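Read-outs: derived from the displayed coordinates by stated rules, not from any lab. What you are looking at is a predicted structure, and each value in this text was computed from that prediction instead of being measured. Quick reminder, even Gly has a Cβ in these numbers, built from the backbone with ideal geometry, and neighbours come from all protein chains shown.
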Amino acid sequence: MVETEGKETVKSIGRVLNYTNSSNVVIDGHPDNVLIKTNMFKENCDLSRARAISIVRILANDCGFD
């Protein structure tokens, strides 16, 4: 869901957060301003949740976050 350039940006942010020993990080996903209803996303909150989860996965898998 995250393009290569975006993934590299998230990984850069993750490195900074690891360096600063930040203990609390909040990830918010935001939907588009157009209502969505697809097979994958039944409503906008599903889209925003998926966006946040994909960022959390990058931080966990590539940057060592819990």
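Where residues in segment 1-52 are closer than 18 Å to PHE65 by Cα and among the polar types (S, T, N, Q), which of them is surrounded by the fewest Cβ atoms within 10 Å (Cβ to Cβ)?
ASN24
LEU59: touching a Gly at 6+ places or on another chain (Cβ under 7 Å) and either surrounded by 15 or more Cβ atoms within 10 Å (Cβ to Cβ) or of a type in the set (Gly, Ala, Ser) (or both), yes or no?
yes
Could you figure out which of (1) surrounded by 13 or more Cβ atoms within 10 Å (Cβ to Cβ); (2) in contact (Cβ under 8 Å) with a residue 24 or more places away in the chain isn't true of GLY64?
Only one criterion is unmet by GLY64, namely (1).
Looking only at segment 14-61, count every residue that is assigned to a helix (DSSP H, G or I), among the aliphatic types (A, V, I, L, M), free of Cβ contacts under 8 Å to residues at least 12 places away in the same chain and more than 16 Å from MET1 (Cα to Cα) and tell me the total.
Number satisfying all stated conditions: 1.
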